[in-house]
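K.L.:
Structure provided below as C-alpha cells; questions to follow.
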Amino acid sequence: NSLVLVERGSSGQQRMRMLETIREFAADRLRESGDEEETRRGHAAYFDQFVQSIRPLFSGSRTPEAMLLLDDEWENIEATVAPRVAARDFEPLVEIASATWRYVWLSDRVRDATAWMPFAYEARGELEPRLRGELCRIWGSSLYQLGRYEDARVALEEAVDLLAESGSPDREAWA
C-alpha cells in the first residue's frame, strides 16, 4: 500500500493525491514550519498561471480539453479563493473567474464558484475599470442564473458601461 494514490483525471492525465490522514499530517507540519503563507502564495501563483495558460483553449475546438483540465484542477483552484478573500485580494479572483466562466457556467458550478463575489462586488471600486466590468458581468450573469433578475440587471448595466469604456467589445457583448 502506498501513502500516495495514483489515478487518472477527467482529462486522462495521471494524477497523484495523498491519503487524507497524510494530507492533514503534512498540513500540520507546514503550519508548524512557518512556511504556510509562502506555500499558499506559490500554490496560488501556479494555478493562476495554469488557468491563464488554458484560457486560449476555450475559444476553439479544444474547449472540451480545457473543460476536462479544469475539472481535474478545480479543487486546487478553489483552494486559492478563501485566503484571497480574507486579504481582499480580488484582482486575481476576477481574472480566474473571467478565464473559467464558461466552465463554471456549463458545469453548473455558479452557486459555489461565485460565493466570494458579493464581497468583491462591494469592493469593486478598488478594481481597475476592465476588471470591475468583468466582475459586474460575471456577477450579473450569476445573479440572473440564481433568479435575482433585478440585481442582475443592475450589475449587467454597470458591466456594459465599464466594458464599453475599457475597450473590451467581446466582453461588452457578453454582458
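K.L.:
Roll a 1.4 Å probe over the protein chains and send me the accessible area per residue for the range 1-64 in Å².
P.N.:
Numbers: 4840 Å² over 64 residues.
Value returned for the range 1-64: 76 Å² of accessible area per residue.
K.L.:
Find the percent of Cα-Cα distances in the chain that exceed 25 Å, and round it to a whole number.
P.N.:
So the portion of pairs separated by more than 25 Å is 40 percent.
K.L.:
Just to verify a number: FRET efficiency for residue 8 and residue 41, C-beta to C-beta distance, R0 = 45 Å, to 0.05?
P.N.:
So the FRET efficiency works out to roughly 0.90.
K.L.:
Still on this structure, I have one more. So if I take the alpha carbon set of the range 60-102, get Rg, then get Rh from the Kirkwood formula, what is the Rg over Rh ratio?
P.N.:
Numbers: Rg = 11.9 Å, Rh = 11.3 Å.
The Rg/Rh ratio comes out at 1.05.
K.L.:
So, one more: How large is the accessible surface of residue 46 in square angstrom, using a 1.4 angstrom probe and rounding to the nearest 10?
P.N.:
Rounded to the nearest 10, the figure is 130 Å².
K.L.:
Okay, moving on. Counting only other residues whose beta carbon sits under 10 Å from that of residue 47, what net charge do I get with K and R as +1, D and E as -1? Mind showing how you got there, number by number?
P.N.:
Details: positive: none; negative: 48, 73, 78.
Charge balance in the 10 Å sphere: -3.
K.L.:
Counting only protein heavy atoms and using a 1.4 Å probe, what share of the accessible area of the chain belongs to carbon plus sulfur, as a whole percent?
P.N.:
Accessible surface attributable to carbon and sulfur in the chain totals 51 percent.
K.L.:
Given only helices, namely DSSP H runs of n ≥ 4 each adding -39500 (n - 2.57), what is the per-residue ellipticity at 222 nm of the chain, to the nearest 500 deg cm²/dmol?
P.N.:
On the way: 10 runs with 122 residues, N = 175.
Taken over the chain, the calculation gives -21500 deg cm²/dmol.
K.L.:
Taking a temperature of 25 °C and a viscosity of 0.890 mPa s, what whole-number D in µm²/s does Stokes-Einstein yield for the range 94-168 with Rh from Kirkwood over alpha carbon pairs? Write down the numbers at each step before the final one.
P.N.:
Details: Rh = 12.1 Å.
Translational D for this selection: 202 µm²/s.
K.L.:
Quickly rank 130-138, 61-69, 94-102, 20-28 as a protection proxy: mean count of other C-beta atoms within 10 Å, highest first. Provide the component values of the computation, followed by the final result.
P.N.:
Working: 130-138: 24.7, 61-69: 15.4, 94-102: 21.0, 20-28: 11.3.
Highest-to-lowest ranking by the protection proxy: 130-138, 94-102, 61-69, 20-28.
K.L.:
Multiply the residue gap between residue 102 and residue 29 by 0.36 nm, knock off their C-alpha separation, and tell me the result in nm, one decimal place.
P.N.:
Contour length minus Cα-Cα distance gives 22.6 nm.
K.L.:
Still on this structure, please answer the following. Taking Cα centroids, how far is the range 11-26 from the range 101-163 in Å?
P.N.:
Rounded to whole Å, the Cα centres lie 33 Å apart.
The values are calculated or read from the model by the stated rules, or taken from the named source; none is laboratory data. Owing to the predicted nature of the structure, the values given are computational and were not obtained by experimental measurement. Heads up, the Cβs are rebuilt from the backbone with ideal geometry, glycines too, and the neighbour counts pull from every protein chain shown. Side chains are part of the model used for accessible areas, which takes the heavy atoms of the whole protein and leaves out ligands, DNA and RNA. Shrake-Rupley method; radii C 1.70, N 1.55, O 1.52, S 1.80 Å.
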